[in-house]
1. For the stretch 115-151, how many residues meet the condition of being within 12 Å of R13 (Cβ to Cβ) and of a type in the set (S, T, N, Q)?
2. Can you name the residue in the stretch 17-70 that is of a type in the set (F, W, Y) and out of contact with any helix residue (DSSP H, G or I) (no Cβ under 8 Å at 6 or more places or on another chain) and is also nearest to M92 (Cα to Cα) among such residues?
3. In the stretch 71-81, is there at least one residue being in contact (Cβ under 8 Å) with a residue 12 or more places away in the chain and touching a helix residue (DSSP H, G or I) at 6+ places or on another chain (Cβ under 7 Å)?
4. Grab the strands (runs of 3 or more DSSP E) fully contained in the stretch 35-140, keeping just those with 3 or more residues being surrounded by 15 or more Cβ atoms within 10 Å (Cβ to Cβ) and modelled with pLDDT of 95 or more.
5. Name every residue in the stretch 141-151 that is surrounded by 14 or more Cβ atoms within 10 Å (Cβ to Cβ) and β-branched (V, I, T), in order of residue number.
6. Determine which member of the set L106, L69 is of a type outside the set (K, R) and under 19 Å from Y59 (Cα atoms).
Amino acid sequence: MTPTAHTSFVIERRFKASAARVFAAWADPATKQRWNDCHAETGATEFSMDFRPGGFEIYRSRLDNGTPLAVDKVFLDIVANARIVFAYSMAMGGKARSASLVTVELVDTPAGSTLTLTEQLAYFDGHMDIEQRRRGTEEGLDRLLLEVDAT
């Protein structure tokens, strides 16, 4: 067995939209699916979300090569318009690849709002995709910016 590897990253985004508007885009399942699909090119084959502390989010997709991707999330703490904390596990081809703790913090600013996302990861059995994970998260947050700042 390969030892579990740990790492983390932090991403900050500034929005013209208020923290309340950005938070709403996380809280509404249809809106979230539009911007947060981690493999936007293939799309979700299954998605459901119960946005409340203790609630779950289920995401299923297939990678370009046909490998099934499963993301199972539980919301640990939610403070309206200010904070979302969740844990999630990712499996590819039925094999556990990673588990993460994510904290999203929102703060209103004179120009709109700032979002700070911190992800702490545990990688299993030699799997390590930190650059891809960070890039995928950044792409999702870029789509979130387009979603909330467009109107």
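1. Of the residues in that region, 2 qualify.
2. Narrowing the stretch 17-70 to residues of a type in the set (F, W, Y): 23, 26, 35, 47, 51, 56, 59.
Subset that is out of contact with any helix residue (DSSP H, G or I) (no Cβ under 8 Å at 6 or more places or on another chain): 23, 56, 59.
On the way: F23: 29, F56: 19, Y59: 12 Å.
My answer is Y59.
3. Initial filter on the stretch 71-81 (in contact (Cβ under 8 Å) with a residue 12 or more places away in the chain): 71-78, 80-81.
Now restrict to residues that are touching a helix residue (DSSP H, G or I) at 6+ places or on another chain (Cβ under 7 Å): 80-81.
Within the stretch 71-81 (the criterion being in contact (Cβ under 8 Å) with a residue 12 or more places away in the chain and touching a helix residue (DSSP H, G or I) at 6+ places or on another chain (Cβ under 7 Å)), the answer is yes, since at least one residue qualifies.
4. On the way: elements: 44-49, 56-62, 68-79, 83-92, 95-109, 112-123.
So the answer is 68-79, 83-92, 95-109, 112-123.
5. First pass over the stretch 141-151, keeping only residues surrounded by 14 or more Cβ atoms within 10 Å (Cβ to Cβ): 141, 143-145, 147-149.
If the condition is that a residue be surrounded by 14 or more Cβ atoms within 10 Å (Cβ to Cβ) and β-branched (V, I, T), then V148 is the only one that fits.
6. On the way: L106 fails: under 19 Å from Y59 (Cα atoms).
The unique qualifying residue is L69.
The values are calculated or read from the model by the stated rules, or taken from the named source; none is laboratory data. Predicted model, so just to flag it, every value in this text is computed and none were measured. In this analysis, Cβ positions are derived from the backbone assuming ideal geometry, glycine residues included, and neighbour counts consider all displayed protein chains.
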